[in-house]
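The values are calculated or read from the model by the stated rules, or taken from the named source; none is laboratory data. Model, not experiment: these values are computed from the prediction. Positions of Cβ are backbone-derived with ideal geometry, glycine not excepted, and every protein chain shown enters the neighbour counts.
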């Protein structure tokens, strides 16, 4: 793992479908710009040429989708490339990284959602990340019924978004269990108004922004 410039922060955005992560990401970008903090924005799966190709394979609806083990390995393959090519170099340069999803999504979706062995996910996490963890994880929590309805209104659903409601309930439970175990999480009620969510984001990010200046 590359050495991180102490001023650089790795912030991840997590949550189920329709939780408003994109709107919140845009707000955080504006906040960082206001404070003249250098940053990049990325996403998972994706963030690199290889990662984006894997993202297409993972999200596209096909007759024979990847089996759970293949899906899991594709997620971590994209992550390995993302860390090597984008995340670690940026942090080493003192550039903040704002990432839409990271390994917590893998635990939530492939682990709790698909029922894949959590210890196996942990093994891959240690192998690929070499100890790298976000400095702050913003979890946008919302009732899956509300989130999926939002997603339907936004665009055509991808392969994951077409899963049964019970799948997303397990995903939400997985996220909340992760948040209860890790102090780096800040859980945000994504069912509230955009203004309320943004006010909470401002308060949550203020200490980490002020601490880096």
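A few comments on the model shown:
- For the stretch 118-213, the helices (runs of 4 or more DSSP H) that sit wholly inside it and include 1 or more residues that are in contact (Cβ under 8 Å) with a residue 40 or more places away in the chain and under 19 Å from residue 30 (Cα atoms) are 194-211.
- Sole exception among (1) without any contact (Cβ under 8 Å) to a residue 40 or more places away in the chain; (2) in contact with a helix residue (DSSP H, G or I) (Cβ under 6 Å, 6 or more places away or on another chain); (3) assigned to a helix (DSSP H, G or I) for residue 46, by number: (3)
- Residue in the stretch 9-22 that is surrounded by fewer than 17 Cβ atoms within 10 Å (Cβ to Cβ), under 14 Å from the mean Cα position of the chain (by Cα), modelled with pLDDT under 95 and assigned to a helix (DSSP H, G or I) present: yes
- Boolean, residue 49 is modelled with pLDDT of 95 or more and surrounded by fewer than 13 Cβ atoms within 10 Å (Cβ to Cβ): yes
- Any hit, the stretch 171-188, residues being farther than 13 Å from residue 14 by Cα, buried (at least 18 other Cβ atoms within 10 Å of the Cβ), touching a helix residue (DSSP H, G or I) at 6+ places or on another chain (Cβ under 8 Å) and at pLDDT 95 or above: no
- Filter result for residue 115 (more than 13 Å from the chain's Cα centre (by Cα), in a helix (DSSP H, G or I) and either under 21 Å from residue 69 (Cα atoms) or in contact (Cβ under 8 Å) with a residue 24 or more places away in the chain (or both)): no
- In a residue-by-residue description of the stretch 83-98, the property of being assigned to a helix (DSSP H, G or I), free of Cβ contacts under 8 Å to residues at least 24 places away in the same chain and closer than 16 Å to residue 132 by Cα applies to at least one position.
- Residues satisfying the stated conditions in the stretch 96-126, i.e. surrounded by fewer than 17 Cβ atoms within 10 Å (Cβ to Cβ) and out of contact with any helix residue (DSSP H, G or I) (no Cβ under 7 Å at 6 or more places or on another chain): 115, 117, 119, 120, 122, 123, 126
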